[in-house]
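J.: Below: one structure in structure tokens.
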Amino acid sequence: MQNPIYDIIGDIHGHGISLKNLLHKLGYEQNNGIYQHPQNHKVVFLGDFIDRGPTHRQVMDTVRPMIDSGHALGIMGNHEFNAICYHTPDEQGGYLREHDPKNTGQHEAFLKTYPDKDEREDILNWFKTLPLWLELETCRAVHACWNEDAMAALKPWLKEDNTLLDIGYIVASDKTHPAYDAVETLLKGVETPLPNGLSF
């Protein structure tokens, strides 16, 4: 069977109407409520489905059925990782991602869309099924930076499908643990200080 043609879509950030317009433009059609392509195309979603935009529910109601039915693939972005950690208690009575004004503000649109705890929990558990990267027949996909050293450092904390184990979220939230830098690299990219006098 011929390899599929992959349509790469990244960083939707809660913009459901724009996503649907893009899918239509790429030739996808709804069949039984699921967007699919009449030819040999498949979307690879690069994560960051949530935060910022006004129509999170439209995004999730579009993306999740596509991935679950095999008409698309998806990987985790830093916003899905952050959401899981924001809602995961730590051992000190807080959460893996601190509930400070900055983090809560970044996550506010998602929180408003899913005020029901059970529904929110369902979405977060689905996020945990997203791998950190994909190595496909014709291409590789990662949210920010394909870095084999980071991937190797995370192997003890991954399942075979490159999804994080539950303990993986704990170690990757600890700034003193090598897994923290590895996840930061894959999901946010490599950061380096600029020379004196330069700023970005």
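J.: List the relative contact order of segment 63-173 as a percent without decimals, with contacts defined as Cα pairs under 8 Å and 6+ residues apart.
T.: That works out to 28 percent.
J.: Follow-up. Let me know the charge dipole size of segment 1-112 about its Cα centre in debye, to the nearest 20, where only the beta-carbon of Lys, Arg (+1) and Asp, Glu (-1) is charged.
T.: The calculated dipole for segment 1-112 is roughly 420 debye.
J.: Sticking with this structure for a sec: Once amide H atoms are built 1.01 Å from N in the peptide plane, which residues 5 or more positions from Leu158, or in another chain, come under 5 Å H to H?
T.: It is Leu165, by chain and number.
J.: Let me ask another. Could you give the length gained on full extension between Thr88 and His177, defined as 0.36 nm per residue of separation minus the Cα-Cα distance, in nm?
T.: Separation in residues times 0.36 nm, less the Cα-Cα distance, equals 30.3 nm.
J.: Give me D for the chain in µm² s⁻¹, whole number, from Stokes-Einstein with Rh from the Kirkwood sum over alpha-carbon pairs, 25 °C and 0.890 mPa s.
T.: Rounded to a whole number, D works out at 137 µm²/s.
J.: Which aspartates and glutamates, if any, have their Cα less than 19 Å from the Cα of Lys117, not counting same-chain residues under 8 positions apart?
T.: Cross-link targets: Asp51, Asp61, Glu80, Asp90, Glu98, Glu108.
J.: Using only alpha carbons, build the gyration tensor for segment 100-200 and give me the equivalent ellipsoid semi-axes, biggest first, whole Å.
T.: One finds semi-axes of 25, 22, 14 Å for segment 100-200.
J.: Amide H of Asp7: which non-local residues (sequence gap of 5 or more, or other chain) have their own amide H closer than 5 Å, using H built in the peptide plane?
T.: For Asp7, whose amide H was placed from the backbone, the distant partners under 5 Å are Lys42, Val43, Val44.
J.: How many nm is it between the label spots at Lys155 and Glu191, if each spot is 7 Å from the Cα in line with the beta carbon?
T.: Here the modelled spin labels are 2.8 nm apart.
J.: Accessible area per residue, 1.4 Å probe, Å², for the chain: what's the number?
T.: 56 Å²
J.: Return the long-range amide H neighbours of Gly74 (sequence gap of 5 or more, or a different chain), with a cut-off of under 5 Å between placed amide H atoms.
T.: So Gly74 has HN proximity to Phe45.
J.: Note the full-extension length gain between Glu137 and Gln30 as 0.36 nm times their separation in residues minus their Cα-Cα distance, in nm to one decimal.
T.: Fully extending the segment from Glu137 to Gln30 adds 35.9 nm.
J.: Let me ask something additional. At what distance in nm do the modelled label points of Glu121 and His41 sit from each other, each positioned 7 Å from its Cα along Cα→Cβ?
T.: 3.9 nm
J.: If a/c stays under 1.5 just call it rounded; otherwise compare a/b with b/c (prolate if a/b is bigger, oblate if not). Do that for segment 13-123, with a ≥ b ≥ c from the square roots of the Cα gyration tensor eigenvalues.
T.: prolate
J.: Whole-Hz Karplus ³J(HN,Hα) for segment 26-34, in order, using 6.51 cos²θ - 1.76 cosθ + 1.60 and θ = phi - 60°, x for Gly and Pro?
T.: So the Karplus estimates, Gly and Pro as x, are 7, x, 7, 10, 7, 9, 6, x, 10 Hz.
J.: By how many nm would the segment from Asn21 to Asp100 lengthen if fully extended, with 0.36 nm per residue of separation less the alpha-carbon distance?
T.: 24.9 nm
J.: On the protein heavy atoms, probe 1.4 angstrom, tell me the percent of accessible surface of the chain carried by carbon and sulfur.
T.: Here it works out to 49 percent.
J.: Calculated from DSSP H runs of 4 or more alone, at -39500 (n - 2.57) each and per residue, what is the 222 nm mean residue ellipticity of the chain, nearest 500?
T.: Helices in the chain give a 222 nm mean residue ellipticity of -11500 deg cm²/dmol.
J.: Calculate the dipole size of the chain relative to its Cα centre from +1 charges on Lys and Arg beta carbons and -1 charges on Asp and Glu beta carbons; express the result in debye to the nearest 20.
T.: 520 debye
The values are calculated or read from the model by the stated rules, or taken from the named source; none is laboratory data. As the structure is a prediction and not an experimental result, all values here were calculated from the model. Ideal geometry is used to build each Cβ from the backbone, glycine not excepted, and the neighbour counts take in all protein chains shown. The accessibility values were calculated without ligands, DNA or RNA, using every heavy atom of the protein model including side chains. Shrake-Rupley method; radii C 1.70, N 1.55, O 1.52, S 1.80 Å.
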